[in-house]
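What follows is calculated from the coordinates using simple rules that are stated; it is not laboratory data. These figures come from a predicted structure and were not determined experimentally. All Cβ positions, glycine included, derive from the backbone under ideal geometry; neighbour counts span all protein chains shown.
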């Protein structure tokens, strides 16, 4: 079958596997206190232009969001996020399970706007309500769109206006930075966000996310809280080895450019056939309406995700490309329509 279900359906890029193989037989200190992890941290600090940032390696995106938000907020404080955000839709209520309410607002193609944040936060104005304290956005968004530098600056401004932390889920951050549609750099993001992470699970690693904390007030005791959440891995060196390999010689952006390119080829091929595209994505997710009578064939030949109930235009579905997606797979998928 053509696998367009997600961007983490392969083990890892060969250079990552090779780095792990080279480490075979070596012994490392535990819990990320090894030389490979420190070299990877140094690479993250250099790329983000933040020599004083704290960098922590965690296993997955949900774990990173849960650990970070749980650490940054006091019990009465809440998160504000777009309605489509990953923490609200796809993390099984993890944030609410540890006592922090998520206050949602409608998004524009998955994006938060300064106006929507301002309206949402200003309506929570007394001690009988939870106190908004953290603005959560994803870069890229759940709909594959990317925030520009000016859009992120506007979110930083409204966050400062209401005393919010700005936290950026970067599960597909590499895809954003590698996109021709995005003028935001990693250094820009690091200067604007209080904390963000660089996703590896969806960009060539076996597993792993690199959390970057730039706000000094959020750094204290974070490793204690990682341990309490089960996020401090005894074999943390496995994360360090992988991230060192991924960040070396720009491999992380090379892989993202490839997955973005495959998505662009897929989208344009479908558009040329008259297939309706319902989100103009900037990265590696393609959202389209499939004719209802085609669904049996698609479900037989392609792995993908439905993105809602059938509409007049067709059945909304999502295709996702990865660094491992081939031109032949893209051509075969287009050829089904």
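Laid out as a table, the results:
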{"read-out": "Label-reachable residues, region 114-140, where backbone N falls under 11 Å from a point 7 Å from residue 161's Cα toward its Cβ", "value": "114-122"}
{"read-out": "Whole-angstrom gap from region 219-254 to region 317-333, using each part's C-alpha centre", "value": "29"}
{"read-out": "Selected from 259, 85, 217 as most flexible by GNM, with the chain as the system and alpha-carbon contacts under 10 Å", "value": "217"}
{"read-out": "As computed over region 183-322, the Cα convex hull volume per residue (Å³)", "value": "175"}
{"read-out": "Region 67-133 versus region 273-312: alpha-carbon centroid distance in Å", "value": "30"}
{"read-out": "Semi-axis lengths (Å, descending) of the ellipsoid that matches the C-alpha gyration tensor of region 1-85", "value": "28, 23, 13"}
{"read-out": "Most mobile listed residue (104, 203, 260) in the chain, GNM with C-alpha springs under 10 Å", "value": "104"}
{"read-out": "Kirkwood estimate for the chain, i.e. one over the average of 1/r between Cα atoms, Å", "value": "20.6"}
{"read-out": "Added length on full extension, which subtracts the Cα-Cα distance from 0.36 nm per residue, residue 98 to residue 248", "value": "50.3 nm"}
{"read-out": "Cα-based shape type of region 163-251, given that a ≥ b ≥ c are square roots of the gyration tensor eigenvalues and the cut on a/c is 1.5", "value": "oblate"}
